[in-house]
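Data block below; observations after.
The values are calculated or read from the model by the stated rules, or taken from the named source; none is laboratory data. Since the model is a prediction, treat every value here as computed from it, not as a measurement. Positions of Cβ are backbone-derived with ideal geometry, glycine not excepted, and every protein chain shown enters the neighbour counts.
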Amino acid sequence: MEIILASASPRRRELLGTIVPHFSCIKPDFDENSVDIKDAKQKAMTLSREKCRAVIKDYAEKNAVIISSDTVVDLDGRILEKPADEAEAFNMIKSLSGNVHMVHTGVSVYKNGIIYTFADTTKVFVDKIPDDVIAEYVKTEEPYDKAGGYAIQGFMGGYISKIVGSYHNVVGLPLAKLNRLLKNINAI
């Protein structure tokens with residue numbers, strides 16, 4: 001049985017490799033901006049499901065298992081997307097600084113005509129970050145391909161004082177829940 005990760009994310013590829021030794025990666029042909037949902041958790045699940053559907057059309061007949069995922073950062077009900085430029089990245093990190101936010105990752109798994117979808121949520125506590133440190137950070141490449149403008153395993157890891165929930169969920173793939181689902185549906 002072929003397993004396909006419907007993602008171009010190197011972080012998701014690395015994480016999935018810890019529980020699934022052999023799989024291929026396909027970037028889904030799907031416009032994330034076409035989903036206009038205000039509830040962060042629902043948006044994460046919908047995006048993961050639509051990414052999965054975008055790949056199913058080419059692989060459903062090959063008895064493949066398709067795994068897709070999307071991560072959404074939620075600060076007091078406001079969704080923080082991937083920042084478009086330095087100013088937006090600066091404002092995002094400044095808004096996260098000294099605050100608590102939620103990270104929701106939606107995961108969808110397709111097998112034998114059925115799409116299984118769930119979301120995992122992690123509460124993230126961020127220490128105060130000085131403005132000059134944020135200004136230097138946004139000049140790097142790190143913020144621009146990540147929801148909320150940060151990676152917990154990168155720069156922001158030094159400012160996250162506590163999380164409640166899965167670390168891997170914040171990185172982009174809640175491994176424990178995904179592993180249980182894959183085993184429950186006999187995909188691994």
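So which pairs qualify, if the first residue must be in the stretch 126-142 and more than 21 Å from SER161 (Cβ to Cβ), the second must be part of a loop (DSSP other than H, G, I, E, B) and at pLDDT below 95, the Cβ gap must be under 9 Å, and the two must be at least 6 apart or on different chains?
Sorted first by the residue in the stretch 126-142, then by its partner, the pairs are THR140/GLY154.
May I ask you to verify whether LYS139 is assigned to a loop (DSSP other than H, G, I, E, B), charged (D, E, K, R) and either modelled with pLDDT of 95 or more or closer than 24 Å to SER9 by Cβ (or both)?
Judged against the criteria, LYS139 is a match.
If GLY148 satisfies every condition in (1) on the phi < 0 side of the Ramachandran plot; (2) surrounded by 17 or more Cβ atoms within 10 Å (Cβ to Cβ); (3) assigned to a helix (DSSP H, G or I) but one, which is the exception?
(1)
Filter the stretch 121-136 down to residues that are more than 21 Å from THR71 (Cβ to Cβ) and outside any helix (DSSP H, G or I) and give me whichever is nearest to the chain's Cα centre (by Cα).
Checked the stretch 121-136; the qualifying residue nearest to the chain's Cα centre (by Cα) is ASP127.
Of SER97, SER166, SER108, which residue is crowded, with 17+ Cβ neighbours inside 10 Å, closer than 30 Å to ALA64 by Cα and either touching a residue at least 60 places away in the same chain (Cβ under 8 Å) or more than 16 Å from the chain's Cα centre (by Cα) (or both)?
SER108
When you scan the stretch 88-100, do you find a residue that is assigned to a loop (DSSP other than H, G, I, E, B), among the charged types (D, E, K, R), closer than 22 Å to GLY148 by Cβ and out of contact with any Cys (no Cβ under 8 Å at 6 or more places or on another chain), even just one?
Among the residues of the stretch 88-100, not one is assigned to a loop (DSSP other than H, G, I, E, B), among the charged types (D, E, K, R), closer than 22 Å to GLY148 by Cβ and out of contact with any Cys (no Cβ under 8 Å at 6 or more places or on another chain), which makes the answer no.
Considering every residue within the stretch 123-137, establish whether at least one is among the charged types (D, E, K, R) and within 30 Å of HIS22 (Cα to Cα).
No, the stretch 123-137 contains no residue that is among the charged types (D, E, K, R) and within 30 Å of HIS22 (Cα to Cα).
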